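The values are calculated or read from the model by the stated rules, or taken from the named source; none is laboratory data. Predicted model, so just to flag it, every value in this text is computed and none were measured. Virtual Cβ from ideal backbone geometry, glycine too; neighbours counted across all protein chains shown.
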C-alpha cells in the first residue's frame, strides 16, 4: 500500500471512535428491545463467516467480507423488520451492526481486493507490523 493510500491518523481514529459510539448505540438498542442475549452471543461473530470465502481468492474474499461488513444489509433487514413486524429481523440487524461497529472500533475496516491486510482504516496484521518496523 503506497503512502498516499494510508488514511491520516486523525481520520482513522475518528472512524474508530465512530465505530465505538455506534457499537454502544446498537447494543443499547438491542437491550431496550429486550433482545435475547443468547442470540446475541450466538450471532455476534456470524459476519466473520465471510472468511470462509478465502479459497475463492483474495479479491472475491474481500468482496464477500465487505458485503458482510457493510451497513447496507443490516439496515435493510432492520427496516423490513420494522415495516413488517417480523420480530427477529430488528434484533438480528442490531447484532449484525454491533459486529461491524466493534470491528471498526478495533481498526478492522473494509478490505481491499489486492490485499486483505489493507483496509479503509489502514494496514492490519503482519502487514501493519512490517510497515511499522520499516518506518523505524
Kindly check whether there is at least one residue in the range 7-21 that is more than 17 Å from residue 106 (Cβ to Cβ), loosely packed, with under 13 Cβ neighbours inside 10 Å and at pLDDT below 95.
yes
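Each row is one residue, and each column tells you yes or no for (1) at pLDDT below 95; (2) farther than 13 Å from residue 95 by Cβ; (3) not in a helix (DSSP H, G or I).
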| site | (1), (2), (3) |
| --- | --- |
| 1 | yes, yes, yes |
| 23 | no, no, no |
| 48 | no, no, no |
| 66 | no, yes, no |
| 80 | no, yes, no |
On the basis of being free of Cβ contacts under 8 Å to residues at least 12 places away in the same chain, under 28 Å from residue 117 (Cβ atoms) and either over 14 Å from the mean Cα position of the chain (by Cα) or surrounded by 11 or more Cβ atoms within 10 Å (Cβ to Cβ) (or both), does residue 63 make the cut?
no
Out of everything in the range 31-46 that is part of a helix (DSSP H, G or I) and surrounded by 12 or more Cβ atoms within 10 Å (Cβ to Cβ), what residue ends up being farthest from the chain's Cα centre (by Cα)?
31
Scan of the range 109-136 for residues that are modelled with pLDDT of 75 or more, more than 18 Å from residue 8 (Cβ to Cβ) and in a loop (DSSP other than H, G, I, E, B), ordered by number
113, 114
